[in-house]
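What follows is a set of notes on a single structure, which appears directly below.
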Amino acid sequence: MQVLVIGAGVIGLAVARAAARKGHEVVVAEAEAAIGTGTSSRNSEVIHGGMYYPTGSVRARHCVAGRRMLYEFCATHGLPHRKCGKLIVAANAAEIVKIESLAAQGAANGVEGLELIGGNAARALEPELVCAGALHSPQTGIIDSHAYMLALRGELEDAGGAIALKTPVTGATRKSGQWEVMFGGSDGGTFEFDAMVNSAGLRAQSVARTIKDYPAARVPKQVLAKGNYFSYAGRPVFSRLIYPTPMPGGLGVHVTLDLAGRMRFGPDVEWIEKENYDVDPARADIFYERIRTYWPGLRDGTIAADYAGIRPKLSGPNEPQADFLIDAPAQHGLPGLVQLYGIESPGLTSSLSLAEEVVGYLES
Ligand SMILES: Cc1cc2nc3c(=O)[nH]c(=O)nc-3n(C[C@H](O)[C@H](O)[C@H](O)COP(=O)(O)OP(=O)(O)OC[C@H]3O[C@@H](n4cnc5c(N)ncnc54)[C@H](O)[C@@H]3O)c2cc1C
């Protein structure tokens, strides 16, 4: 089949690679001048364990399966990554109850090695930490997401696939059993494909609305939740990722590490109406307050506004958390079309597993 993948973020690249390796002729159309410039380069680069998501959800399934596949991929492709582990810390007795339920949910989701430990045991692992107890997740790690996307691109091209940069998809129609797709950009025009995957991230809904025959009522609402990050100027004090208990819309302002061992903080949750990536330095006050609940040693003047990413959510602040939404031919009735909505965290971790499922729908 001739397959078009819309968007060269981590999801589009993983889907395109999987489709090309199955023998399809694959083209990825990317609106920007380079791969991975969207949400895929504005995240925490954490390989998640899989305990946060309701058992049986699409997110739980692909996070756990995708994590295992991603570590294997990192090992076989020599990609920079580190299984550093993580502690989800409870500040008080009420939060102990929360980490206990995360531990139970993680076990039900198939997350390996989770262990509830007391405050002293947590401090033995991370001496700067103050907490009443913690959930240790040894399977959590970090990855160089750009090296990962370059490796996906390499394998896509080795399997005969191609990426067209500066080539936005502007519309599509079903004609004579094929998808006739319109492209902008200098090499624009109209080309035909047997199948099409919409993995345009924050633009998935607007791309879906340009696909004639696809019912407008199926396009879900989009909610934007910005996650701001602050960098840390001092010497790193933690060797594992440190997370508080989750907050509505996100996982709480946590300590992430990069592969050089540097610490950074974030992301928080800022509900926004319009895409913008400015980080307001005034948010530092709330960062200090939140981080000091588990690291009182954080000194004034050591954090600075850094970067932000935007979660493409399907649910708002006071609604139950939506799952990843995969709208496939069996649901909408149009052959060869898969629409991906709401692929927020843990999309990076889930990418290889999600890609297999999507390619399966193209072939059905
Ligand atoms: C703050 C934050 C922290 C996160 N942390 C983690 C984490 O630690 N671990 C984890 O597993 N996940 C994390 N995630 C989730 C992860 O980053 C995303 O799930 C993933 O990057 C989504 O990839 P994508 O390919 O769907 O989207 P994107 O990377 O946004 O790619 C979509 C692409 O489509 C292109 N496009 C748009 N419109 C068109 C068009 N009309 N034609 C052609 N191309 C188009 C865009 O230019 C873009 O390149 C985080 C997300 C956020 C926001």
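Since every read-out is calculated from the coordinates, none of them should be taken as a lab result. Fair warning: this is a prediction, and the values are worked out from it, not measured in the lab. So basically every Cβ, Gly included, is an ideal-geometry build from the backbone, and we count neighbours across all protein chains shown.
Just a few scattered comments:
- With viscosity 1.306 mPa s and temperature 10 °C, the Kirkwood radius over alpha carbon pairs of segment 264-307 converts through Stokes-Einstein to a diffusion coefficient of 137 µm²/s.
- For the pair segment 17-54 / segment 220-267, the C-alpha centres are spaced 20 Å from each other.
- Of 87, 76, 54, farthest towards positive along the dipole that unit charges on Lys, Arg, Asp, Glu beta carbons give segment 45-96: 76
- Taking the chain and dividing mean pair separation by its residue count, relative contact order in percent (alpha carbons under 8 Å, at least six apart): 24
- Summarising the overall dimensions of segment 129-269 from its C-alpha atoms, the Rg and Dmax are 21.4, 65 angstrom.
- Modelled FRET efficiency - R0 41 Å, residue 275 with residue 101, Cβ distances, 0.05 increments: 0.75
- Counting every other Cβ atom within 10 Å of each residue's Cβ, 3, 358 order from fewest to most as 358, 3.
- At least 18 Å along the helix axis (C-alpha) and Kyte average at least 0.0, DSSP helices within the chain: 93-109, 347-363
- The alpha carbons of segment 225-364 stretch over 57, 32, 25 Å along the principal axes, in descending order.
- Where N is the number of residues in segment 1-140, Cα Rg divided by 2.2 N^0.38 Å: 1.30
- Lysine pairs within the chain, Cα separation less than 22 Å, 8 or more sequence positions apart or different chains: 8
- Between the listed residues 228, 207, 255, the Cα displaced farthest toward the positive end of the dipole of segment 202-257, a dipole computed from Cβ unit charges relative to the Cα centre, is found at 207.
- Length added when fully stretched, residue 22-residue 146, from 0.36 nm per residue minus Cα-Cα: 42.2 nm
- Built amide H within the under 5 Å cut-off of residue 337, gap 5+: 196
- Rg(Cα)/(2.2 N^0.38 Å) for segment 60-161, N = residue count: 1.34
- q = 0.28, 0.34 Å⁻¹, segment 281-326: log10 I(q)/I(0) [Debye, one scatterer per Cα]: -1.00, -1.24
- Pair-distance profile P(r), taking every C-alpha pair of segment 1-59, with 10 angstrom steps and integer %: 21, 36, 32, 11
- Across all Cα atoms of segment 152-202, the radius of gyration (one decimal) and Dmax (whole number) stand at 12.3, 33 Å.
- Debye log10 I(q)/I(0) at q = 0.09, 0.10 Å⁻¹ for the chain, Cα point scatterers: -0.50, -0.62
- Normalised contact order of segment 1-72, rounded percent, pairs of Cα under 8 Å and 6 or more residues apart: 26
- The ranking of 63, 74 from fewest to most other beta carbons within 10 Å of each one's beta carbon is 74, 63.
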